[in-house]
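See structure below.
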Amino acid sequence: MALVKGRAADLVDSALDLAIVPGFSAIGYRARKRIFGWEADRLEGRSVMVTGANAGIGKAISLELCRRGAKVHMVARNPEKGEAAREQIALESGVEPELHICDVSSLASVREFATSFVAGEEELDVLINNAGVMPPERQQTDEGFELTFATNVIGPFLLTELLLPRLRESENGRVVMMSSGGMYSSGFKLDDPQLEGRDYDPTKFYAHTKRAEVMLADEWQDREPEGGPVFCSMHPGWAETQGVSEALPTFNKVLGPILRTGAEGGETAVWLAGATPEEAPGGEFYMDRKPRTKHRIPGTTETTDDRRRLYELCESLTSPSPD
């Protein structure tokens, strides 16, 4: 039950959001859960795909979706780690998720997996593009892309585009881009999308791609005809995961006591998976079940033309090479 109601609850929520540290941390999540009295809605009949599902927030999302009765398609790069996570989730939830192997950083792998999935008879209502990386040094994929950009931007772009025919068959289709609060620190450089002209900095490269995810969600929403899937983005707040502890050890050490759990970080994605377009409209950037501002720092704002150009760039980079 909510302990604070109406305008007072909204004021508390806004104050937490403006303060950033309490709002992004477990303090904000737990306060909002109490004041708004969130319910754990059942999700029977919903088919949800989660990328990066074998660890961290993706694994927590997959577990909670199973607990609420959804049909879960776990997408993981590593077969052994994926199967270990699938078995654990099945044991803890009593529901058997389905595991798919796909390396989201590889366009060939994404194309093979998505083409096969659409050719089958599986229904799909929701795609949660959660997989992401923040490598400690600059790396290139076998296809010649910077790894952060490949995993966080063009891989999810291609996966979404290829799965859209199936998502459009759903009466309540939805795509969720799992961004990051770090995107507030960055705009997107269309003249240097892979930041080839900059020295490598893990957090800056990551933030750059997370801004792109928000832009793409907005562009998809603008392009989609009325009645089609809803596109939105979100950020999980500051959550304690193995990826965070490895990539940002100082951040993890300093803020460790107030970091969210993976389940707390992923709760909004689970809620979005079952929400109607009226409850959670497309084109919004969510945290803790509410739309949040997309820009906090001057110089990070994009135009509608910028979003269009980013979409067209991704489209050209993911088009199959002519034989």
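A few points about this structure:
- Of all residues in region 219-250, those being on the phi < 0 side of the Ramachandran plot and open to solvent by less than 30 Å² (accessible area, probe 1.4 Å) number 14.
- With respect to the stated conditions, residue 310 is over 15 Å from the mean Cα position of the chain (by Cα) and open to solvent by less than 60 Å² (accessible area, probe 1.4 Å).
- Among the residues of region 25-75, those identified as of a type outside the set (Val, Ile, Thr), farther than 25 Å from residue 172 by Cα and in contact with a Leu (Cβ under 9 Å, 6 or more places away or on another chain) are 25, 26, 28, 31, 32, 34, 54.
- Lone unmet requirement of (1) farther than 26 Å from residue 286 by Cβ; (2) under 20 Å from the mean Cα position of the chain (by Cα) for residue 48: (1)
- Pairs meeting the criteria (first residue in region 182-210 and under 16 Å from residue 309 (Cα atoms), second residue of a type in the set (D, E, K, R) and assigned to a loop (DSSP other than H, G, I, E, B), beta carbons under 9 Å, at least 6 apart or on different chains) are 187/302; 188/302; 189/198; 190/302; 192/198; 208/189.
- Check on residue 25, of a type in the set (Gly, Ala, Ser), touching a helix residue (DSSP H, G or I) at 6+ places or on another chain (Cβ under 8 Å), without any contact (Cβ under 8 Å) to a residue 60 or more places away in the chain and buried (at least 18 other Cβ atoms within 10 Å of the Cβ): no
- Yes/no for residue 127 being at pLDDT 95 or above, open to solvent by 30 Å² or more (accessible area, probe 1.4 Å), more than 16 Å from residue 210 (Cα to Cα) and not polar (S, T, N, Q): no
- For residue 241, the conditions (1) at pLDDT below 95; (2) closer than 21 Å to residue 36 by Cβ; (3) among the hydroxyl-bearing types (Ser, Thr, Tyr) all hold with the exception of (2).
- Residues in region 136-148 that are touching a Phe, Trp or Tyr at 6+ places or on another chain (Cβ under 8 Å) and either on the phi > 0 side of the Ramachandran plot or open to solvent by less than 60 Å² (accessible area, probe 1.4 Å) (or both): 146, 148.
- Search result, residues across region 269-323 that are among the basic types (Lys, Arg) and within 18 Å of residue 184 (Cβ to Cβ): 290, 292, 294, 296, 307
- Residue match in region 111-124 (condition: closer than 25 Å to residue 235 by Cα and of a type in the set (Ser, Thr, Tyr)): no
- Those helices (runs of 4 or more DSSP H) of region 209-323 in which 2 or more residues are more than 27 Å from residue 147 (Cα to Cα) occupy 249-255, 262-274.
- Subset tally (residues that are under 20 Å from residue 158 (Cβ atoms) and open to solvent by less than 60 Å² (accessible area, probe 1.4 Å)) for region 83-121: 15
- Qualifying residue in region 53-67 (condition: touching a residue at least 24 places away in the same chain (Cβ under 8 Å), over 30 Å from residue 105 (Cα atoms) and open to solvent by less than 20 Å² (accessible area, probe 1.4 Å)): no
- Yes/no for residue 191 being open to solvent by 50 Å² or more (accessible area, probe 1.4 Å), charged (D, E, K, R), over 20 Å from the mean Cα position of the chain (by Cα) and within 20 Å of residue 301 (Cβ to Cβ): yes
- Exclusive hit being more than 18 Å from the chain's Cα centre (by Cα) and surrounded by 16 or more Cβ atoms within 10 Å (Cβ to Cβ), set 216, 272, 259: 259
- Residue 199 being open to solvent by 10 Å² or more (accessible area, probe 1.4 Å), outside any helix (DSSP H, G or I) and either touching a Lys or Arg at 6+ places or on another chain (Cβ under 6 Å) or under 18 Å from residue 300 (Cα atoms) (or both): no
- Selection within region 162-188: residues that are in a helix (DSSP H, G or I) and more than 26 Å from residue 111 (Cα to Cα). The member of this set that is most open to solvent (accessible area, probe 1.4 Å) is 185.
- Hits in region 152-201 (condition: within 18 Å of residue 135 (Cβ to Cβ) and acidic (Asp, Glu)): 196, 199, 201
The values are calculated or read from the model by the stated rules, or taken from the named source; none is laboratory data. Fair warning: this is a prediction, and the values are worked out from it, not measured in the lab. Glycine gets a Cβ as well: all are built from the backbone with ideal geometry, and neighbour counts include every protein chain shown. Protein only, heavy atoms only, side chains kept; ligands, DNA and RNA dropped before computing areas. Shrake-Rupley method; radii C 1.70, N 1.55, O 1.52, S 1.80 Å.
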